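Note sheet for the following structure.
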């Protein structure tokens, strides 16, 4: 019996740290927190999803006791269909979280084998040798839980995405008493959400959005369309309430919105009065002042319902002058331009659009600086590891912790893949473990790597030029071609001369080689590539990919 | 003599309206305002620049009397090298603006033919039959001028990018007296910058940034690096002043920064004390507290000096623990993620980074809502056209104008290409004129169109599969192949089976066609395309571009 030791390992790739998956290792057992997706970066064209590399866990799968989910957002549950087949362990989560997980696993044909274990906020569960308490916290999705994980070394408090909402819609404030109690008993390590660590003050209460919605509904005579995140059940409830109060019907549009509204209603998280829901095909039967349409597309996603409405391409909904469109969300960084374009189009169709960050029409789900300091003072942890944010946010969160008196040497910034070694008296970064990101493209998981991505990037910049050279396999003589075909390089009909010259350049280069015999294909291909590359750059200042193909007949 | 009529035509493509180029037509003559570039959108991979389509002007080139530049930003002068060869007319601008234009034309070998005419704020010029007054305004570049264009129909006041800075660095406040005088005499049409129309309140004075800089310099012992826009001469002056006050030397890094600092110093817009400038190769000779480095890269541009420093790839500058990096700019929408990544890397190298929008380290160059209303009240125009902004900003600006009493029917929202017809009593959108955007890629101007862009987008998503089929031209028999080569689709070494199966699929499809004779190439190509497309989608859920090439021997 030495000093009890616990390892904490944030898994995943670049970007946010400790967000999508974290492993806790103690007494030879492993507990996994969350299994979420990351969203592809601009430099990953064609990639659908990014999931954490779980090699480390798969190699130790006999010791993994379970996956505990904190809440139902994609970046916390979306990787389950890829993780469970390799790591078939029990999955713990609250009712709504598991409701969303079920739908997801069903879609992948994985539901029947899955072992889902429902937990409630306020409960404790023994999972292997881990004692886990589930603590109610507020967030932009219902049924979010923080985790207190009791280990022989001490208690780890894992504060996933959260905020302190003093007036939440369901009346259930973040369990401050429990946090205080844990703090009193002693928290060895606090890990906490840093998403809004750069934002001063307090985050707006969700209830403020309800008041704004009520205002807008009161003064609006035409149809009202509301776009928001499908998973934001409390937001949706407030839209339902405002619409109901103004005797409007409600139509729900967009696959994920229909899906989540169905699940949340069935599980009792969303209350839609009888007779209020109207099929989208029938919205034409109602007068404008009787209609509310709830839709996806608040991030300007090109295939979403709202984007299609704005482009006048939606099957059931046409935007009409006099419509009011409420975009109840802030653009996620990187989406500003597409969201802006959707708004421009809606305005040109004659709609009123309510969207500004100053309008009180959206509230973040993440704690701001004052709340983060409040948490630190309430819990008074010995050690602190900021998580859920990009590096600069963790740095800012660290400064907040220092401002409330946590000694700098007790705060550790980690990167995904770092094994943090925790004892009752120490916290340090030990070695790195295998980790990273696995790209999902269509049905392929992990078959798109750096080579494929680099080719896609090159192709997207200047296109491709394919050169087919057909030679006699005995004599090495050119028997046809060279054929030159391009895509994404120049508009060929207007560049026939250039293409013809390119052909001549290749032919001349090949003829120079004939004396040596056209049989060393590798060097012939490089010759074609170099000749053509030089010629095209000179003439166009572009560098298309050049793909020589030699056919022997 | 009928009623005098003037046409106002914003030229350019999608995006900001009336920003890059505007034509004013009166008494059979045309005056062009600005000739700027737009920046390529995400959907334009490989495109370097976007310039306005000037067909309308070229077709009337005998009537074009000149191009008047308002200021030296790229989105106002950057298209000149493409416009002047087709439209060799005199170019009017202030001293600094022309200084920047000269460097640009020199680079393109166009300086000797250009007819540049220097003007000063406060002056008037007769250009053809247009009487043009140049009015000093504040902006994030020095020497910016608004234009009062006097026509027989009345005065058009063109308020390009501007703000009201009550305490500008050079002491020259926007010429409020002149604006008031024009208002008193009567402005028929006001066109004004809408960039910050959605922002409440007043825009921060540039001087506040100087105070923040001075604070940071006072408390910093290590090296200080400042990244900002090269063209923001007043910002640079404030960096110079703060550095000089703290007895630091200054090194300038980054091509455009070196370029602009040179021009601005030579023309007297920037004052760098003797002996203060140090070549970047010699920064190692100074102690950290003696050194300031001024650099480009405030937008996270991948090839910029700051990005290369952050990636530890800069030839002369290595980031060291203890360095303080000031990013004196806000990310332009769409750049948040790349800027964030640069900050993360700098932090990991041990630098302190000052960047937050709450830090007072940057001030916008555009007027906010209170300033825009102030302008409207000062000028009291009969008609109003909001410009320089995306559609939603113009809509908000229109509301501001209505709030200060401009009747709705006197406000016109236009799109690029709309010919606005103005008389002393009316303003309306007449027909549309040829307009749009021309893409510049390498040396090619306008040769990248929708077909090429669509191909690039497809290529970037799932790559390409090339199928070469070699047939005997007499018998139609397959004599070699099919050869199947892919790029950007799957990593071939790990997908050999898939590629082999693809080959078999094509071969089988072709063999089915042999009885009919393999001579109808078009239908054979479609057959290959369809067979392969179906097969690959089934197996991978991806849709690479499929490029069949038939070679006859």
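Laid out as a table, the results:
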| read-out | value |
| --- | --- |
| Residue B:341 under 30 Å from residue B:41 (Cα atoms), at pLDDT 95 or above and out of contact with any strand residue (DSSP E or B) (no Cβ under 7 Å at 6 or more places or on another chain) | no |
| Residue match in region A:115-132 (condition: surrounded by 24 or more Cβ atoms within 10 Å (Cβ to Cβ), modelled with pLDDT of 95 or more, away from chain B (no Cβ under 14 Å) and assigned to a strand (DSSP E or B)) | yes |
| Filter result for residue B:19 (closer than 29 Å to residue B:332 by Cα and assigned by TED's automatic domain parsing to the domain that holds residue B:147) | yes |
| Check on residue B:493, out of contact with any strand residue (DSSP E or B) (no Cβ under 9 Å at 6 or more places or on another chain), over 30 Å from residue A:451 (Cα atoms) and assigned to a helix (DSSP H, G or I) | no |
| Every residue from region B:242-271 that is in contact (Cβ under 8 Å) with a residue 24 or more places away in the chain, within 28 Å of residue B:107 (Cα to Cα) and touching a strand residue (DSSP E or B) at 6+ places or on another chain (Cβ under 7 Å) | B:250, B:251, B:252, B:253, B:254, B:257, B:261 |
| Residue match in region A:395-404 (condition: within 25 Å of residue A:161 (Cα to Cα), free of Cβ contacts under 8 Å to residues at least 60 places away in the same chain and part of a loop (DSSP other than H, G, I, E, B)) | yes |
| Residue match in region A:531-540 (condition: touching a residue at least 12 places away in the same chain (Cβ under 8 Å), facing chain B (nearest Cβ under 9 Å) and over 23 Å from residue B:550 (Cβ atoms)) | yes |
| Residues of region B:20-45 satisfying the condition of being more than 14 Å from every other protein chain (Cβ to nearest Cβ), under 22 Å from residue B:392 (Cβ atoms) and more than 10 Å from the chain's Cα centre (by Cα) | B:21, B:22 |
| In region B:297-334, residue surrounded by the fewest Cβ atoms within 10 Å (Cβ to Cβ) [restricted to those that are assigned to a helix (DSSP H, G or I) and either at pLDDT below 95 or touching a strand residue (DSSP E or B) at 6+ places or on another chain (Cβ under 7 Å) (or both)] | B:305 |
| Test for residue A:529: is it touching a strand residue (DSSP E or B) at 6+ places or on another chain (Cβ under 7 Å) and in a helix (DSSP H, G or I) | yes |
| Members of region A:455-482 that are more than 29 Å from the chain's Cα centre (by Cα) and at the interface with chain B (Cβ under 7 Å from one of its Cβ atoms) | A:462, A:463, A:464, A:466, A:468, A:470, A:479, A:480, A:481 |
| Residues satisfying the stated conditions in region A:394-407, i.e. within 10 Å of chain B (Cβ to nearest Cβ) and crowded, with 24+ Cβ neighbours inside 10 Å | A:394 |
| Residue tally, condition closer than 19 Å to residue B:189 by Cβ, in contact with a helix residue (DSSP H, G or I) (Cβ under 8 Å, 6 or more places away or on another chain) and in a loop (DSSP other than H, G, I, E, B), over region B:416-438 | 1 |
| Options A:69, A:96, A:100; residue that is crowded, with 21+ Cβ neighbours inside 10 Å and touching a strand residue (DSSP E or B) at 6+ places or on another chain (Cβ under 8 Å) | A:69 |
| From the options B:494, B:500, B:415, residue that is surrounded by fewer than 14 Cβ atoms within 10 Å (Cβ to Cβ) and at the interface with another protein chain (Cβ under 9 Å from one of its Cβ atoms) | B:494 |
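So that you can scan it fast, the table gives a plain yes or no per residue for (1) buried (at least 21 other Cβ atoms within 10 Å of the Cβ); (2) within 25 Å of residue A:173 (Cα to Cα); (3) at pLDDT below 95:
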residue	(1), (2), (3)
A:225	yes, no, no
A:235	yes, yes, no
A:239	yes, yes, no
A:242	yes, yes, no
A:246	no, no, no
A:288	no, no, no
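The values are calculated or read from the model by the stated rules, or taken from the named source; none is laboratory data. All of these numbers come straight from a predicted model, not from anything done at the bench. Using ideal geometry, Cβ is built from the backbone for each residue, glycine included, and neighbour counts are taken over all protein chains shown.
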